[in-house]
Amino acid sequence: MRVLVINAGSSSLKYQLLDTKTREVFAKGNCERIGIDGAFIGHSENDGEKQKLEVALPDHKTAIKHVFEILDQAGFDQSKIEGIGHRVVQGGWYFPESKVVTDETLGWVREVAPLAPLHNYAEADVIEICRDMFPSIGNVIVADSAFHYNIPEKAWRYALPRDVVDKLHIRKYGAHGTSHRYIWRTTNEFLNGDVHKLVSCHLGSGASLSAIEDGHEHDTTMGLTPLDGLIMGTRCGTIDPATVPYLVREGGYTIDEVDDMMNKQSGILALSGLSSDTRDVEEHAEQGDENCKMALEMFSYRCGQLIAEMAQSMHGFDTMAFSAGIGENSATTRQSIANELDWLGVKLDPAKNAIRSDDPRVISADDSKVKVLVVPTNEELMIALDVEELLSK
Ligand code: ADP
């Protein structure tokens, strides 16, 4: 099936047109700075060079119109698009699995939007626009929180007063679920079913872990929002929650400033004092920059701690898979995380770890107690496969 996957943010919209059978990506791109001056669309076809198209993008509707025009010019008019898959960040309590768009399911995306206001409102608008503009194409909602919804209560419940958490729907929702689901599936295929307890490590500018036993998740590191858990590019991850009132009372920051600080000015960026991008930080650490060294050391230390926590939730692990920007590309970071887990019998083969490839591969030593892999993630393919499954019914 030929599926268009759309990932809308408050001021951006990424798209990818792909075939679920051949897995061929015909076209992909991103509309940037929607509603802001200097908007443009970056577009490429068949893995070719990216073209930059400078166009006015006052709103998401205009962006979608442009995307369909570009795809038409590339030889894919509407009649050749058989389904649209929409990534939704927060599915709340309504999306334990992907669902076809109806008035009801669209309403649910808006109902849970207060849990992810920067994403869900824009996503719901885009879903509505696609449905109204192209009524002959089926639309499917794939929530990033879906995979995490059925973790045990002891893992998702917060130890806050019951009336408060019930009223405000506070619990662990997690994120990156589509990626973790793809990583499980690919690891299982690649190892011919010889995997039972997997710690999936999605380490990109956002980073999270997932504990998966035979395809079912036990726990994940992100929480009510994607701020929890690991140290990330610009997010602080888990800190003492009392830091928030302390910053407000003693630091004089407003709650919005604290929110912005913890989401956009913290993490690797704050620790290194240089960049949120691990490539820059690794380069400066090699040249002796002490803050960059500490940023990387802390990132790996926290990864090691939380990987052990994920393993604990399954009472053991036999496999670990690294994925996303850092997990797929940084052999140095993979090695330092493995060093943290040396006491659990995790051991990499340095030669295998140094290999660069776009394919899944084993990088652990033959005598490692835990098999370690690199598994490039593909959230768009996972979304497209859900669209195919639901629209074929
Ligand atoms: P997201 O999708 O969350 O934006 P990605 O999964 O694309 O993130 O990961 C982006 C991050 O991956 C970059 O910020 C950078 O830190 C890291 N990264 C990418 N390539 C490398 C590399 N070769 N070495 C180290 N880090 C890398």
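The values are calculated or read from the model by the stated rules, or taken from the named source; none is laboratory data. Quick caveat, the model's predicted, so the values are computed rather than measured. Here Cβ is always computed from backbone atoms with ideal geometry, including for glycine, and neighbour counts include all displayed protein chains. With ligands, DNA and RNA removed, areas are computed over all heavy atoms of the protein, side chains included. Shrake-Rupley method; radii C 1.70, N 1.55, O 1.52, S 1.80 Å.
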So A207, is it within 25 Å of A8 (Cα to Cα), touching an Asp or Glu at 6+ places or on another chain (Cβ under 6 Å) and among the small types (G, A, S): no
Matching residues in region 366-380 - criterion: being out of contact with any helix residue (DSSP H, G or I) (no Cβ under 6 Å at 6 or more places or on another chain) and within 19 Å of K99 (Cβ to Cβ): E380
Residue satisfying condition, being in a loop (DSSP other than H, G, I, E, B) and either in contact with a Cys (Cβ under 6 Å, 6 or more places away or on another chain) or among the charged types (D, E, K, R) (or both), within set E104, E97: E97
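Output the residue which, of all residues in region 25-37 that are in contact (Cβ under 8 Å) with a residue 12 or more places away in the chain and open to solvent by 30 Å² or more (accessible area, probe 1.4 Å), is nearest to M382 (Cα to Cα). Spell out how you get there, then give the answer.
First, pick out the residues of region 25-37 that are in contact (Cβ under 8 Å) with a residue 12 or more places away in the chain: 25-36.
Those still in the list that are open to solvent by 30 Å² or more (accessible area, probe 1.4 Å) too: 25, 28, 32-33, 35-36.
Working: V25: 13, K28: 16, E32: 24, R33: 26, G35: 29, I36: 31 Å.
If we take residues in region 25-37 being in contact (Cβ under 8 Å) with a residue 12 or more places away in the chain and open to solvent by 30 Å² or more (accessible area, probe 1.4 Å), then V25 is nearest to M382 (Cα to Cα).
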Pair list, Cβ under 7 Å, 6 or more apart: region 53-66 residue more than 15 Å from S10 (Cβ to Cβ), other residue in a loop (DSSP other than H, G, I, E, B): V55/A39; A56/A39; H66/V55
Complete set of residues in region 334-347 that are outside any helix (DSSP H, G or I) and crowded, with 20+ Cβ neighbours inside 10 Å: L341, V346
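Within region 338-377, track down each residue that is in contact with a Ser or Thr (Cβ under 7 Å, 6 or more places away or on another chain) and either at pLDDT below 95 or under 22 Å from N188 (Cβ atoms) (or both).
Going through region 338-377, the residues in contact with a Ser or Thr (Cβ under 7 Å, 6 or more places away or on another chain) turn out to be 340, 345-349, 360, 370-373, 375-377.
The answer is G345, V346, L348, D349, P360, V370, K371, V372, L373, V375, P376, T377.
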Qualifying position, being within 30 Å of D228 (Cα to Cα) and surrounded by fewer than 18 Cβ atoms within 10 Å (Cβ to Cβ), among P58, P117: P117
Which listed residue, of L209, L198, L224, L203, is among the hydrophobic types (A, V, I, L, M, F, W, C), in contact (Cβ under 8 Å) with a residue 60 or more places away in the chain and out of contact with any strand residue (DSSP E or B) (no Cβ under 7 Å at 6 or more places or on another chain): L224
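Which residues, counting only those in region 147-170, are without any contact (Cβ under 8 Å) to a residue 60 or more places away in the chain and either at positive phi or surrounded by 21 or more Cβ atoms within 10 Å (Cβ to Cβ) (or both)? Lay out the reasoning, then the answer.
Filtering region 147-170 for residues without any contact (Cβ under 8 Å) to a residue 60 or more places away in the chain gives 149, 153-154, 156-157, 159-168, 170.
Of everything in region 147-170, just one residue is without any contact (Cβ under 8 Å) to a residue 60 or more places away in the chain and either at positive phi or surrounded by 21 or more Cβ atoms within 10 Å (Cβ to Cβ) (or both), namely Y149.
Any idea how many residues of region 220-279 are on the phi > 0 side of the Ramachandran plot and buried (at least 17 other Cβ atoms within 10 Å of the Cβ)?
3
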Set A285, A331: member being within 12 Å of the ligand (Cβ to nearest atom), over 17 Å from S205 (Cα atoms) and either open to solvent by 10 Å² or more (accessible area, probe 1.4 Å) or of a type outside the set (G, A, S) (or both): A285
Of all residues in region 290-305 being open to solvent by less than 50 Å² (accessible area, probe 1.4 Å) and not hydrophobic (A, V, I, L, M, F, W, C), the one that is farthest from the ligand (Cβ to nearest atom): G304
Breaking point among (1) in contact with an Asp or Glu (Cβ under 7 Å, 6 or more places away or on another chain); (2) in a helix (DSSP H, G or I), for K352: (1)
Region 98-113, residues that are surrounded by 14 or more Cβ atoms within 10 Å (Cβ to Cβ) and farther than 12 Å from D125 by Cα: S98, K99, V100, V101, T105, W108, E111, V112
Residue within region 352-363 that is touching a residue at least 24 places away in the same chain (Cβ under 8 Å), closer than 25 Å to E286 by Cα and more than 13 Å from the ligand (Cβ to nearest atom) present: yes
Strands (runs of 3 or more DSSP E) completely within region 1-71 that count 3 or more residues being at pLDDT 95 or above: 2-8, 13-19, 25-32, 40-45
Of all residues making up region 309-327, the number that are surrounded by 20 or more Cβ atoms within 10 Å (Cβ to Cβ) and within 16 Å of the ligand (Cβ to nearest atom): 6
Residue pairs meeting the criteria (Cβ under 6 Å; at least 6 apart or on separate chains; first of a type in the set (V, I, T) and in a strand (DSSP E or B), in region 312-331; second more than 16 Å from the ligand (Cβ to nearest atom) and open to solvent by 10 Å² or more (accessible area, probe 1.4 Å)): T319/K371
Members of region 129-146 that are surrounded by 12 or more Cβ atoms within 10 Å (Cβ to Cβ) and of a type in the set (D, E): D144
